[in-house]
Amino acid sequence: MSLAPGTKVRVKDDWPEIRGPCHIRTPHYVRGECGTLVRHLGDFANPEDLAFARPAPLRPLYHVRFDQPGIWGEGAAGDALLVEVFGHWLEVVTP
Amino acid sequence: MSVLAADSVNLLAALRAVLAAKGIAGPEEIAGQIRSTDEASPAQGARMVAKAWTDPAFRALMLEDGTRAAESLGIPMRGLPPLGVLEDRPEAHHLVVCTLCSCYPRAVLGYPPFWYKSASYRARAVRDPRGLLLEWGTVLPAGVKLTVVDSTADYRWMVLPLRPAATAGWSEAKLAAIVREGDMIGVTIPLAS
């Protein structure tokens, strides 16, 4: 099942780098940040497993829109960041 | 002897032999892939942009499925990540970056320019994108919202820029000639010159 466009999501505030060797496609600057799901891009082999030649299950990949000045504390109102984030990094924000 | 100490030419020959023996990739397939990699250049992307500017059906296909649109123009896409196309509109501009490494739509834009891979571009594109655009001489008109697209995972992204106003009646070839690499990354916008 995939998340619907428009869903409010939070990127997990998780730092596997602290725990040991890893390969992560979730940029530091969006961890712990809230955004809006734009669309499901497809399902792709989990790069966190692929990088270590482990069996890599397919995981949903989403385009998530973030408020650019909201993340950096500078910038122009209305500007956005659009980032590919895997579903297992997202939590649905309940209003 | 470790792999690191091995002669690179012998190592490559051994790797090719193993790939062929295991049925993973034969010499013809490897040669074909090298050929299409060498042929890839921003001229391919420019062809797509010019066609999208003149052919509404192609434009719709390109926005729906960039890979199929590229293939329909004979651009080899087999085995490559899916191509996504970001549509600029009068009120919306896009800028592409890969903050994690240097993901780039090589099939349609060729090798990434050196600055695209620099730590400075990658950091500033997400933190101070308008300051970065200014250094390229790109001033977005008032009211235009900027979306920075961080190419972090399995897609590759190119920008479909706005067609310059002073190009009415131009042929596809003439239009393609004004579309630059930077216009399809979003650091610049096409000029009718």
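Among the candidates B:Leu4, B:Leu19, B:Leu63, B:Leu15, the residue that is surrounded by fewer than 17 Cβ atoms within 10 Å (Cβ to Cβ), touching a strand residue (DSSP E or B) at 6+ places or on another chain (Cβ under 6 Å) and of a type in the set (A, V, I, L, M) is uniquely B:Leu63.
Does segment A:45-61 contain any residue that is under 11 Å from the mean Cα position of the chain (by Cα), surrounded by 17 or more Cβ atoms within 10 Å (Cβ to Cβ), within 13 Å of chain B (Cβ to nearest Cβ) and within 22 Å of B:Leu63 (Cα to Cα)?
The answer is yes; a qualifying residue exists.
Within the group A:Leu50, A:Leu41, which residue is of a type in the set (A, V, I, L, M, F, W, C) and touching an Asp or Glu at 6+ places or on another chain (Cβ under 8 Å)? Residue meeting the stated conditions: A:Leu41. So B:Ser120 fits all but one of (1) in a helix (DSSP H, G or I); (2) over 13 Å from B:Cys98 (Cα atoms); what number is the exception? Of the numbered conditions (1) in a helix (DSSP H, G or I); (2) over 13 Å from B:Cys98 (Cα atoms), the odd one out for B:Ser120 is (2). When you scan segment B:135-147, do you find a residue that is assigned to a helix (DSSP H, G or I), in the same structural domain as B:Pro105 (by TED's automatic domain parsing) and touching a helix residue (DSSP H, G or I) at 6+ places or on another chain (Cβ under 6 Å), even just one? No, there is no match, as no residue in segment B:135-147 is assigned to a helix (DSSP H, G or I), in the same structural domain as B:Pro105 (by TED's automatic domain parsing) and touching a helix residue (DSSP H, G or I) at 6+ places or on another chain (Cβ under 6 Å). Set side by side, the residues B:Val149, B:Val144 differ, and just one is among the β-branched types (Val, Ile, Thr), within 14 Å of another protein chain (Cβ to nearest Cβ) and under 19 Å from B:Leu80 (Cβ atoms), which is B:Val149. For segment B:159-176, indicate whether the set of residues that are under 18 Å from B:Lys117 (Cβ atoms) and of a type in the set (Phe, Trp, Tyr) is non-empty. Scanning segment B:159-176, I find no residue that is under 18 Å from B:Lys117 (Cβ atoms) and of a type in the set (Phe, Trp, Tyr), so the answer is no.
Residue by residue, here is whether (1) in a helix (DSSP H, G or I); (2) out of contact with any helix residue (DSSP H, G or I) (no Cβ under 7 Å at 6 or more places or on another chain) holds:
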residue: B:Gly74; (1), (2): no, yes
residue: B:Gly79; (1), (2): no, yes
residue: B:His93; (1), (2): no, yes
residue: B:Thr99; (1), (2): no, no
residue: B:Ser102; (1), (2): no, no
residue: B:Val126; (1), (2): yes, no
residue: B:Leu133; (1), (2): yes, yes
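Of the numbered criteria (1) away from chain A (no Cβ under 14 Å); (2) farther than 30 Å from A:His40 by Cβ, the one B:Gly131 fails is (1).
Taking B:Arg89, is it among the charged types (D, E, K, R), at the interface with chain A (Cβ under 10 Å from one of its Cβ atoms) and closer than 17 Å to A:Asp79 by Cβ?
On the way: among the charged types (D, E, K, R): yes; at the interface with chain A (Cβ under 10 Å from one of its Cβ atoms): no; closer than 17 Å to A:Asp79 by Cβ: yes.
For B:Arg89, the condition - among the charged types (D, E, K, R), at the interface with chain A (Cβ under 10 Å from one of its Cβ atoms) and closer than 17 Å to A:Asp79 by Cβ - is not met.
Scanning segment A:18-44 for residues that are farther than 20 Å from A:Thr94 by Cα and under 11 Å from the mean Cα position of the chain (by Cα) turns up A:Ile24, A:Arg25, A:Thr26, A:Pro27, A:His28, A:Tyr29.
Among residues of segment B:98-119 that are over 14 Å from B:Arg180 (Cα atoms), those with a Cβ under 6 angstrom from a residue that is surrounded by fewer than 16 Cβ atoms within 10 Å (Cβ to Cβ) and at pLDDT 95 or above, sequence gap 6+ or separate chain, pair up as B:Ser102/B:Lys117.
The values are calculated or read from the model by the stated rules, or taken from the named source; none is laboratory data. Predicted model, so just to flag it, every value in this text is computed and none were measured. All Cβ positions, even for glycine, are placed from backbone atoms using ideal geometry, and neighbour counts span all protein chains on display.
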